[in-house]
Structures are given as C-alpha cells and as structure tokens.
Amino acid sequence: MSASDQLSVPARILQEVFGYSAFRGAQADIVDHVTAGGDALVLMPTGGGKSLCYQIPAIARHRGGRGVAVVVSPLIALMHDQVGALEEAGVHAAFLNSTLSSEQALHVEREMMSGRLVMLYAAPERITNPRFLAQLDSLHERGLLSLFAIDEAHCVSQWGHDFRSEYLALSLLHERYADVPRIALTATADELTRADIIERLRLEEARIFISSFDRPNIRYAIVEKDGKPREQLLRFIRDEHEDEAGVVYCQSRKKVEETAEWLEGEGIKALPYHAGLDAALRQKHQDRFLREDGIVMVATIAFGMGIDKPDVRFVAHLDLPKNIESYYQETGRAGRDGEAADAWMAYGLADVVNQRRMIDESPAEEDFKQGQRGKLDALLALAEATDCRRVRLLGYFGEASTACGNCDNCLSPPATWDATDASRKLLSCIYRFHQNGGQRFGAGHLIDVLRGKATDKVAQYGHERLSTWGIGAELAEAQWRAVLRQLIALGHVVTEGEYHTLALADSARAVLKGETQLLLRVPTVPPKRGKSSRVA
Ligand code: ADP
Ligand code: ZN
C-alpha cells in the first residue's frame with residue numbers, strides 16, 4: 001500500500017490534482033464539512049486559499065456521483081483563469097458568461113446537463129435567468145446538482161463597498177434547492193457585513209469559519225503629510241522599493257495621471273490606471289504591470305479587484321480610503337506571495353475634510369451617511385493611533401492580538417505629548433470667532449490668530465484684540481495642524497461649506513471643560529529599513 005492510499009479523499013485530491021502536500025489553516029476542516037454536505041461561511045484574507053475550499057469538495061462530490069458544482073463569481077477575468085487552471089489539471093470545468101458565443105454557451109450547457117462537468121462558473125445575474133434555472137431544476141431532480149459556491153459574498157451587503165444587487169437574488173438557491181450544500185466566501189467582512197451575508201444569503205445554518213485576518217508579512221505605516229506628499233512617496237519608493245512592483249492609490253483620475261507622470265519624470269517606471277482611460281490602454285497598462293518587473297501602477301480603486309500578482313512589494317495611499325475595510329482590502333494586494341511587503345499611507349488634514357465632505361454631499365439617505373461616517377471615524381482613529389496599527393486593524397474585524405513588532409508604531413514608538421491644553425486653546429479660539437460677529441474661518445487663519453501672526457486678515461477683522469490672540473505662540477504651525485486634525489478626526493470640530501470653515505460640535509464642550517484628555521503624536525520621520533532586515 002502506498003502512502004497516498006492512506007490519505008483521506010480530499011487530501012489525495014489536494015496532492016494529485018493540485019500538487020500541494022498539506023492543507024493550510026482551516027482549509028481541511030472547511031473541505032471536510034462541505035464535502036459531507038454542510039453549509040459554510042468562510043472568512044479568509046486574500047491569498048489565504050479560498051478557492052480550494054470549494055474546488056476540492058466539488059471534485060470529491062463529483063467523484064461520488066453527485067454531479068455539477070455551480071460557482072457564482074462576479075469577476076469574469078478570475079473565472080477565465082480558474083477554469084483554465086482546472087482544465088489544465090485535468091478537472092472538467094467551464095464558465096457561462098456574456099463573453100461566450102451562443103454556440104460555445106450551448107456546448108457548455110450540454111456538458112453541464114450530462115453531469116460530466118465538475119464545476120460551472122457563472123456570473124450572479126445568470127442565476128435568475130429562467131432558462132438557467134430550469135436547467136438547474138432538471139439537474140436537481142436527477143441528483144446531479146452537487147454544490148453551490150458563492151465567491152465574493154460581501155457583494156450581497158449594502159454596507160460593503162462592492163454591493164451588487166444581483167447578489168440579493170441568490171437567496172433563492174436556498175429556497176429552491178434546500179438540500180444542496182452552499183459555501184459562501186469573502187476576504188472582507190466586519191461584523192455588520194457578516195451579519196448581512198448570513199441574513200441575505202439565508203446562511204443561518206452554516207458553520208462559520210473565520211481565519212485570522214492577519215497578514216504578518218505586511219508592514220503597516222501611516223505618515224503625516226508634510227506639505228509635499230508626492231516627494232514623501234518618492235523617497236519611500238527610492239529608499240525601500242527601488243525597481244519593485246507596487247500600487248499607488250489616488251482618489252481622482254486627475255491626480256492619478258499627474259502622479260504617474262511626475263514619478264515617470266523622476267525615473268520611476270510608473271503607469272496610470274483609472275476607469276476614464278481608453279479600455280485598450282487600460283488593458284495594456286494592466287498587462288505590463290502583470291508581466292514586467294518593477295512597474296508602479298498609479299491608480300484609482302478601479303484597479304485591483306481580481307488582479308492576482310503575487311509579488312506586489314508595496315501598496316501606497318496618497319489619499320485616504322473610504323474606511324477600514326477598503327484600506328484592508330487595498331493594502332492586502334501587497335505581498336500575496338508571503339514575502340515582506342509594505343502598506344504605506346500619507347495622511348493629512350485635507351484628507352479628513354475631503355472624506356467628510358464627500359459623505360455629507362452624497363445623495364444617500366441620512367442613516368446610510370451616518371453609517372459611513374462611523375466607518376470613516378474608525379479609519380481616522382487608525383491613522384491617528386499611537387499604538388500598534390495591526391492590533392487596531394485586526395480589532396476592527398473582531399480579532400484580538402498583541403503588539404506586532406512590524407508596524408511603524410511598534411518599530412519606532414511615536415513620542416506623544418499631552419495636547420489637552422492646546423486643544424482647549426484652539427476650541428476657545430473658534431468660539432471667540434463665533435462670538436465676535438458670528439463669522440467663521442478656516443484652519444489657516446485660526447492658526448495665525450493662535451500664533452499671534454499679524455496678517456492682513458487679522459487686521460481686517462480686528463482679531464488681534466481677541467483674548468485668544470497669540471495664546472499658542474509656543475507651538476509650531478505643524479503642531480497646530482496636528483491638533484486640529486485630531487479634533488476633526490474625533491468629531492469635536494466640524495468643517496463647513498466650500499471654504500472648510502470651522503465650527504464647534506456639541507462634544508467640544510467636554511474638551512473645553514478639560515474633561516477629555518488628548519494624547520497626540522509628536523511628528524516623526526518614519527523608520528527606515530534596509531532590504532536585509534525584511535521578515536518573510
Ligand atoms: P484567495 O482566493 O483566498 O485570495 P487563492 O485561492 O487564490 O486565495 O490562493 C492563493 C494562493 O495560495 C494560490 O496560488 C493557491 O494555489 C495557493 N494555495 C492555496 N492553498 C494552498 C495549500 N494548501 N498549499 C499550497 N498552496 C496553496
Ligand atoms: Zn505593530
């Protein structure tokens with residue numbers, strides 16, 4: 001008897017079909033559970049190995065005479081890749097989507113109806129197609145519908161960032177084929193999204209498998225913008241990632257183009273990518289990024305989903321993402337090969353103000369906006385944190401951990417100072433403006449008044465006569481900006497209108513009274529490291 005005869009069926013499939021010697025993490029448990037006919041909800045980070053969690057049960061159940069597994073996926077490119085790889089490994093798989101000719105689609109349907117097909121990949125909208133449903137009914141009646149896998153399951157949640165309404169219809173899989181096991185998978189789901197997935201996909205009976213969301217090889221760093229963030233980025237790339245592949249995220253198309261061009265001028269192989277570029281050019285840039293070494297892709301968030309490049313060495317943000325889930329997903333594109341990688345973000349006062357304004361000005365319902373604000377606040381708290389970034393990040397996903405030793409705050413703990421007094425000065429200055437004629441002002445003027453700087457505007461409004469004039473001369477402008485940013489991030493100060501004038505929130509009262517203590521980071525230069533000190 002050879003050694004492989006003693007292996008379980010899934011373990012043998014893992015070796016013989018995929019060529020891997022052992023399951024990773026929760027894979028073995030998930031595969032056993034689903035192969036035996038159980039429902040599962042799988043939360044596993046990007047690169048964790050979600051595909052095998054349904055591919056192996058599909059193969060095992062097909063061998064047991066149970067027919068076809070249907071994999072629902074919204075990503076056409078990924079379907080192509082996976083089907084290609086499966087066929088190459090000798091597993092009969094196919095996809096149905098809009099890219100097929102009717103002849104090709106007919107051929108796939110015949111393979112499916114015969115039960116010969118092991119796995120069928122389909123876009124979510126296909127599930128509500130009456131013709132397709134009739135085919136599923138027929139398979140089901142003949143006992144040849146083996147499994148449903150629902151990939152990117154967070155798309156069913158309106159709270160998430162990739163909501164797709166077609167996903168809502170997937171509850172019918174449970175209603176129509178209650179005895180067919182279902183496995184839903186996602187790489188991103190905080191508690192709210194998780195609850196949504198369970199409810200909307202009718203997964204109340206499913207066993208939930210939560211893998212650690214930690215990506216230990218990713219080093220997190222969030223630096224303060226010093227007025228020239230592009231140059232901070234360039235320094236970061238030159239010092240740590242010369243000739244390595246990376247992604248730089250910017251919020252607007254214009255900024256993407258400007259940044260790519262500027263980096264190019266500085267000798268970095270940078271390419272722009274955003275939804276406004278001609279499709280052929282976009283494809284060309286994507287292909288170069290995937291095939292050539294050391295390309296830096298400067299992109300909006302239109303770039304990334306479904307792009308599987310293992311050796312992305314860094315992801316940089318020049319603008320703040322929407323929330324922690326987006327941050328986690330975007331930074332998660334770095335280091336999928338397990339080698340050391342960096343998640344680097346530059347962040348400043350204007351980012352906070354912009355993101356707040358985007359929420360305020362969006363046409364959404366008020367309680368949706370309130371939800372968005374809460375999520376943004378959590379991200380701001382991460383950016384302002386003086387303790388371990390990873391502890392905060394994992395904590396957001398409900399995972400407890402201890403200081404990681406591989407983030408900027410762990411590697412060079414920021415010096416902090418007690419900004420309680422300074423905060424009170426700043427708040428009372430806004431209060432005085434308001435008392436003194438009801439006028440509102442922006443950050444620049446506020447800081448001039450606090451520092452006692454005699455500008456034309458000060459003279460125009462007679463602000464040198466305010467009791468708060470010059471009460472903050474001991475702090476530098478950058479320090480005042482940090483105090484203000486923190487007060488905005490914490491919601492004590494709100495910004496209004498197109499000039500971002502400042503006003504006090506109700507919660508400012510407690511700070512003014514000295515009831516709330518504020519510890520701020522002293523601005524520092526981020527830690528440097530040589531390539532040799534990388535962790536694997
Ligand atoms: P995800 O969908 O969770 O992002 P994938 O399913 O694409 O992850 O898997 C990521 C990579 O890890 C793939 O290259 C896959 O072949 C590999 N992989 C998955 N499971 C194993 C395993 N048990 N042993 C070795 N490699 C694995
Ligand atoms: Zn840390």
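The values are calculated or read from the model by the stated rules, or taken from the named source; none is laboratory data. Since the model is a prediction, treat every value here as computed from it, not as a measurement. Ideal geometry is used to build each Cβ from the backbone, glycine not excepted, and the neighbour counts take in all protein chains shown. Accessible surface areas use protein heavy atoms only, side chains included; no ligands, DNA or RNA. Shrake-Rupley method; radii C 1.70, N 1.55, O 1.52, S 1.80 Å.
Between Asp342, Asp387, Asp351, the distinction of being buried (at least 18 other Cβ atoms within 10 Å of the Cβ), not in a helix (DSSP H, G or I) and not hydroxyl-bearing (Ser, Thr, Tyr) belongs to Asp342 only. Scanning region 452-471 for residues being farther than 15 Å from Phe441 by Cβ and open to solvent by less than 70 Å² (accessible area, probe 1.4 Å) gives a total of 3. Could you please let me know if Asp308 is part of a loop (DSSP other than H, G, I, E, B) and charged (D, E, K, R)? Against the criterion (part of a loop (DSSP other than H, G, I, E, B) and charged (D, E, K, R)), Asp308 qualifies.
List every residue pair whose Cβ atoms sit under 8 Å apart, with the two residues 6 or more apart in sequence or on different chains, where the first one lies in region 103-131 and is under 17 Å from Met79 (Cα atoms) and the second, anywhere, is of a type in the set (D, E, K, R). Pairs that qualify, where the first residue is under 17 Å from Met79 (Cα atoms) and the partner is of a type in the set (D, E, K, R), are Leu117/Glu111; Ala123/Glu166; Pro124/Arg164; Pro124/Glu166; Glu125/Glu166; Ile127/Glu166.
Do we find that Ala94 is touching a strand residue (DSSP E or B) at 6+ places or on another chain (Cβ under 7 Å) and either over 28 Å from Tyr328 (Cβ atoms) or more than 16 Å from ligand 2 (Cβ to nearest atom) (or both) in this structure? Steps first, please.
Working: touching a strand residue (DSSP E or B) at 6+ places or on another chain (Cβ under 7 Å): yes; either over 28 Å from Tyr328 (Cβ atoms) or more than 16 Å from ligand 2 (Cβ to nearest atom) (or both): yes.
Judged against the criteria, Ala94 is a match.
In region 157-169, which residues are under 24 Å from the mean Cα position of the chain (by Cα) and of a type in the set (A, V, I, L, M, F, W, C)?
From region 157-169, those under 24 Å from the mean Cα position of the chain (by Cα) are 157-168; that's our starting set.
Correct list: Trp159, Phe163, Leu168.
Across region 499-513, the qualifying residues are those that are over 14 Å from Ala422 (Cα atoms) and in contact (Cβ under 8 Å) with a residue 60 or more places away in the chain, and the one among them that is surrounded by the fewest Cβ atoms within 10 Å (Cβ to Cβ) is Ala503.
Taking region 394-425 as the range and being within 9 Å of ligand 2 (Cβ to nearest atom) and not in a loop (DSSP other than H, G, I, E, B) as the test, the residues that pass are Cys407, Asp408, Asn409, Cys410, Leu411.
Does His445 satisfy the criteria of being more than 41 Å from the chain's Cα centre (by Cα), surrounded by 15 or more Cβ atoms within 10 Å (Cβ to Cβ) and at pLDDT 90 or above? The answer is no for His445.
Being at pLDDT 90 or above, more than 16 Å from ligand 2 (Cβ to nearest atom) and over 27 Å from Gly49 (Cα atoms) is true for just one of Leu380, Leu349, Leu320. Which residue is that? Even if it seems obvious, please write down each step before you answer.
Values: Leu380 fails: at pLDDT 90 or above; Leu349 fails: at pLDDT 90 or above.
It is Leu320.
Selection within region 116-163: residues that are open to solvent by less than 50 Å² (accessible area, probe 1.4 Å), part of a helix (DSSP H, G or I) and not hydrophobic (A, V, I, L, M, F, W, C). The member of this set that is farthest from Val70 (Cα to Cα) is His154. For region 290-305, which residues satisfy the criterion of being more than 24 Å from Ser73 (Cβ to Cβ) and part of a loop (DSSP other than H, G, I, E, B)? Across region 290-305, the qualifying residues are Glu292, Asp293, Gly294, Ile295.
Looking across region 418-441, the residues that are small (Gly, Ala, Ser), farther than 16 Å from Ala505 by Cβ and open to solvent by 20 Å² or more (accessible area, probe 1.4 Å) come down to Gly437, Gly438.
Criterion first (over 20 Å from the mean Cα position of the chain (by Cα) and within 16 Å of ligand 1 (Cβ to nearest atom)) does Ile183 satisfy it?
Judged against the criteria, Ile183 is a match.
Tell me, which residue of region 296-317 that is over 18 Å from Lys254 (Cα atoms) and open to solvent by 10 Å² or more (accessible area, probe 1.4 Å) is farthest from ligand 2 (Cβ to nearest atom)? That would be Gly306.
Among the residues of region 385-397, which ones are of a type in the set (D, E, K, R) and out of contact with any Leu (no Cβ under 8 Å at 6 or more places or on another chain)? Listed by number, the residues that qualify are Asp387, Arg390.
For Met358, the test of being open to solvent by less than 10 Å² (accessible area, probe 1.4 Å), closer than 18 Å to Arg485 by Cβ and either touching a residue at least 12 places away in the same chain (Cβ under 8 Å) or away from ligand 2 (no atom under 16 Å from the Cβ) (or both) is failed.
For region 188-230, name all the residues that are part of a strand (DSSP E or B) and either within 16 Å of ligand 2 (Cβ to nearest atom) or under 26 Å from Ala403 (Cα atoms) (or both).
Taking region 188-230 as the starting set, the residues that turn out to be part of a strand (DSSP E or B) are 207-210, 218-224.
Phe209, Ile210, Ile218, Arg219, Tyr220, Ala221, Ile222, Val223, Glu224 - these are the residues of region 188-230 that are part of a strand (DSSP E or B) and either within 16 Å of ligand 2 (Cβ to nearest atom) or under 26 Å from Ala403 (Cα atoms) (or both).
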